[in-house]
1. When every alpha-carbon pair in the chain is counted, what percent end up more than 24 Å apart?
2. How big is the dipole moment of the stretch 224-295 about its Cα centre under a simple scheme where the beta carbon of each Lys and Arg is +1, that of each Asp and Glu is -1, and everything else is neutral? Debye, nearest 20, please.
3. Between Gln166 and Lys72, 0.36 nm times their residue separation minus their Cα-Cα distance comes to what?
4. Could you pull out every residue, at least 5 positions away or on a different chain, whose amide H is within less than 5 Å of the one on His32? Hs are placed 1.01 Å off N in the peptide plane, and Pro or chain starts have none.
5. Using a 1.4 angstrom probe, figure out how much accessible area the chain has per residue, in square angstrom, rounded to the nearest whole.
6. Would you kindly state how much longer the chain becomes between Asp245 and Arg300 on full extension, computed as 0.36 nm times their sequence separation minus their alpha carbon distance, in nm to one decimal?
7. Sequence-distant or interchain residues sharing an amide H contact under 5 Å with Tyr196, placed H: which?
8. Keeping all protein chains in position, work out how much accessible area Arg334 exposes to a 1.4 Å probe, and write it in Å² to the nearest 10.
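The values are calculated or read from the model by the stated rules, or taken from the named source; none is laboratory data. Note that this is a predicted model, so its numbers are computed, not measured. Using ideal geometry, Cβ is built from the backbone for each residue, glycine included, and neighbour counts are taken over all protein chains shown. Just so you know, the surface numbers come from the protein's heavy atoms only, side chains and all, with ligands and any DNA or RNA stripped out. Shrake-Rupley method; radii C 1.70, N 1.55, O 1.52, S 1.80 Å.
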Amino acid sequence: MQTSSSDNTAIHVADEAATVVVSGIQPSGILHIGNYFGALRQHIKLHTQHEAYYFIVNYHALTSLKDAEAMKQYTLDVALDYLALGFDPEKATLFVQSDVPQVTELAWIFYNLTPVSQLEKGVSYKDKIAQGLSPNAGLLNYPVLQAADILIYGGSLVPVGADQKQHIEITRDLAQRFNQTFCPKDAPVFPVPEPYILDEVSVVPGVDGRKMSKSYGNTIGIFDEGKPLKKKVMRIVTDSTPVEDPKDPEKDNVFALIKLFADEASKERIEQAYREGGYGYGHAKKELLGFINEYFAEARERRHDLSNRMDYVMDVLQEGGKRAREKAESYMERVRECTGLITTKR
Ligand code: AQP
């Protein structure tokens, strides 16, 4: 057994050479720094080290987004974000989920192996209902389609945010259930994937202190800049401890975000300033703004440049879709064989 590439995870991968990294992001809004630190940063890091498939999950986004123009725009925005943040299409595969229709075919097969009670216990499902989203069948079945997304490319390592832990458990269950139900013992079709979750990131808080989430309207966008960015940072909710009093950095949303951006020395300095007093939340917000601007400066420039080359972005997605369909079809041939779903197509 070897430890996977990050020192910060307790993930063990049986065979590094055979690792297939897969993950998806919903085009349900502008990508935010929760998406970045929870998932995208790891996607970028891993895509040059292993075979990797990253998909823009527009079928999943349909569970909440019912606006065709917005869906198209957000889909292209996500592709631009990946490329601006350093994704190299020569090294790995980036594509749009609906360009691989086989994934809905596999999801249907998985529905028949999934107890409804398991889906009804979904934390994310319950959260979204509590926030007022319609409990439609798509939302309930979201983790099953996600399992199909992961397994159809033989995914073995899934870099996601901590909020996705339960969904990856469902994927693991489905891989095992499918193998046990349909495959000979010595020839399972699917690997049982491991999540890749960075402990120190956990769940990134939004400006209101809840999980940063596109659907909660509490996000700071990865590519926000100028006045809109400043406004969002200044809106971050804090307690009302006066400037001169000592503060507990571990209980503060601003510090939770500073920790993601700052180097060790800056983190220690600011932490000490919180504990000593005489350092207000206004100071902390100003520093945070500086860190964000510095951290994403190069990516912002690349994104401005790429946004004038949309033909190139479309080519990347088209080529990615082609590669993904080939991989998916090779798995589906085995799935159809195992399940007895004969095809008369030639
Ligand atoms: N606040 C967060 N902290 C850490 N990780 C996060 N992720 C999302 N929010 C945070 C991770 O980002 C990846 C992509 O997420 P997604 O867009 O597919 O779905 P999501 O988790 O449902 O993200 P949102 O912003 O909350 O979208 P909506 O509001 O549309 O549902 C995942 O790996 C996720 O863990």
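1. Numbers: 34975 of 59685 pairs.
Counting pairs separated by more than 24 Å, the tail of P(r) holds 59 percent.
2. Numbers: 13 positive and 15 negative charges, 88 e Å.
Approximately 420 debye in magnitude.
3. Details: separation 94, 0.36 × 94 = 33.84 nm, distance 2.90 nm.
In short, 30.9 nm is gained.
4. Ile222
5. Details: 16630 Å² over 346 residues.
That works out to 48 Å² per residue.
6. Numbers: separation 55, 0.36 × 55 = 19.80 nm, distance 3.72 nm.
Full extension from Asp245 to Arg300 adds 16.1 nm.
7. Residues meeting the amide H criterion: Val158, Val160.
8. We get 100 Å² for Arg334.
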